[in-house]
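Inspection log for the structure reproduced underneath, given as structure tokens.
The values are calculated or read from the model by the stated rules, or taken from the named source; none is laboratory data. Bear in mind the structure is a predicted one, so any value in this text is a computation, not a measurement. Note: ideal-geometry Cβ built from the backbone for every residue, glycine included; neighbour counts use all protein chains shown. These area figures cover heavy atoms from the full protein model, side chains too; ligands, DNA and RNA do not enter into them. Shrake-Rupley method; radii C 1.70, N 1.55, O 1.52, S 1.80 Å.
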Amino acid sequence: MTSSQSGTTDSATKESSTGRSTGVPGNPSTVIGIVVSMLLLIVVVLFTAQSPLSFFNPAGLLIVLTGTLAATMISYPMREIRRVVALVGSIFRREPDFIREDIDELVALAREWMHGDARAVERALENTRNPFLRTGISLVIDNVREEEILDLLRWRITRLRARELAEAQIFRTMATYAPAFGMLGTLVGLINMLEVIQNGDLAVIGPRMGVALLSTFYGILLANLLFKPIAVKLERRTEDRLIAMNMVLEGVSMISRRRLPSFIEATLNSFIGEAHDELGERPLVREPEGSGGRSP
């Protein structure tokens, strides 16, 4: 492995595999979802209970939160839990989209490579934001065989997919634990209530029943309004990153085969368009009949 290849690989390891930052401020869907969920809870509390405090039970909430956290820590190593905690903030940020920039950069690098100017390609790579792209083009410059380049890049894609899906799986696991510990809180409350009934102290039946019912309420609420949505959000982010990485892989492959830059640009543009349509990120625009192939 040459020095340029080694340096590129090391820098790519330190950064994210797609060369993306953690995101830019502003994810309206997350904010809207949080606001709507809070409004729903406020309506439920204000219009279905005589006292809003009847929906607050520290004992039941403590059982669910402590039990879920303890079970998660038993299930996963601490290093993974610390990494996942840092990811919670990413759901409030919009993932920046550099796909168009990556296409333009791949086409420009393809032109330099077609002209046989390896030095110009190396200089352009120094300003490349995407370490995944930088790794692939560096291997092309080093005259590594296309099959070996694709094997390495596919391994990088597989590694990122496995790591990020494992991170999302932690939140899915927490979504499984939370209702279970809610049921545990319910059993604790019922046992205590039976003991109170046996002793004839009916004045404390209400608080005991509150622990029993609210524990299940907290478990279901946390699972379906917090843990599962975070898991889905992280999985969606992973899908977008994999699309971008596969697009770069295809571009590197065509550059290695010395395809024409115009062909590379057309191929990557169609690739991204199809991927967006499949993911539902933008609707398909159909031309009206009788328009002669032109938009109205």
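For the reader, a short list of remarks on this structure follows.
- Count of residues meeting criterion [farther than 14 Å from residue 256 by Cβ and in a helix (DSSP H, G or I)] in the range 113-127: 6
- Across the range 138-152, the qualifying residues are those that are within 24 Å of residue 101 (Cβ to Cβ) and of a type in the set (A, V, I, L, M, F, W, C), and the one among them that is surrounded by the most Cβ atoms within 10 Å (Cβ to Cβ) is 139.
- Single residue of 63, 81, 91 found to be part of a helix (DSSP H, G or I), in contact (Cβ under 8 Å) with a residue 24 or more places away in the chain and open to solvent by 30 Å² or more (accessible area, probe 1.4 Å): 63
- Among the residues of the range 50-60, those that are of a type in the set (Gly, Ala, Ser) and either under 16 Å from residue 226 (Cβ atoms) or in a helix (DSSP H, G or I) (or both) comprise 54, 59, 60.
- Condition met for residue 120 (surrounded by fewer than 17 Cβ atoms within 10 Å (Cβ to Cβ) and of a type outside the set (Ser, Thr, Tyr)): yes
- Residue that is among the β-branched types (Val, Ile, Thr), open to solvent by 80 Å² or more (accessible area, probe 1.4 Å) and in contact (Cβ under 8 Å) with a residue 12 or more places away in the chain, where the choices are 158, 176, 135, 128: 176
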